[in-house]
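What follows draws every value from the coordinates through simple rules; no lab data is involved. Computed from a predicted structure; not experimentally measured. All Cβ positions, glycine included, derive from the backbone under ideal geometry; neighbour counts span all protein chains shown.
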């Protein structure tokens, strides 16, 4: 029984520790990048609308690879790109057509769930990144919460408090095993 409890105790400790590290990474990464978290050279973007369903569900997180100026001009039909609009809003849609005029490359885009193509063509200079093929459904809600002030505080402090509390409980248990209190029968025998 003690061995099973010790194994469970170790598993809980590892889970809490990795949770703390993951939360710290997400919060620090999103604050450092000024928005979306980054990992291994990819940016993690939250899908905020249903325009690309069923490819991406609303609330999913997608990984996109930032592009340099040369890569921006070499995209092709069916690539999924993240681009900036005139209102400084990022949109992720599929390329349905490529128009070249001298050095300028323009992309016609459309959301998979939209009936019509986007009204304005996208200049290659406005393309920020290309979709990498990696999606995690529904975790975007969590990342948006982690980027808020309240979320940052809860997600950094919460696991830390749980880990400290659990460490205190483990120390208490270990001290009880080292110095066990005598049983009632033993105390009666010693006094008699």
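According to the square roots a ≥ b ≥ c of the eigenvalues of the Cα gyration tensor, what is the shape class of region 36-138, taking rounded for a/c under 1.5, prolate for a/b larger than b/c otherwise, and oblate for the remainder?
It comes out oblate by the Cα gyration axes.
In which sequence would 172, 131, 141, 107 go, from the one with the fewest C-beta neighbours within 10 Å to the one with the most?
In increasing order of surrounding Cβ atoms, one gets 172, 141, 131, 107.
When 178, 154 are ordered from fewest to most other Cβ atoms inside 10 Å of their Cβ, what list results?
In order of increasing Cβ crowding within 10 Å: 178, 154.
At 0.36 nm per residue, minus the direct Cα-Cα distance, what do residue 2 and residue 162 gain on full extension? Give it in nm, one decimal, please.
The residue 2-residue 162 span can extend by a further 55.4 nm.
At a Förster radius of 35 Å, what calculated FRET efficiency corresponds to the Cβ-Cβ distance of residue 132 and residue 11, to the nearest 0.05?
0.60
So, in nm, how far is label residue 150 from label residue 40 when the simple model puts each one 7 Å beyond its Cα toward the Cβ?
According to this spin-label approximation, the distance is 3.4 nm.
Order these by the 10 Å Cβ neighbour count, fewest first: 138, 56.
138, 56
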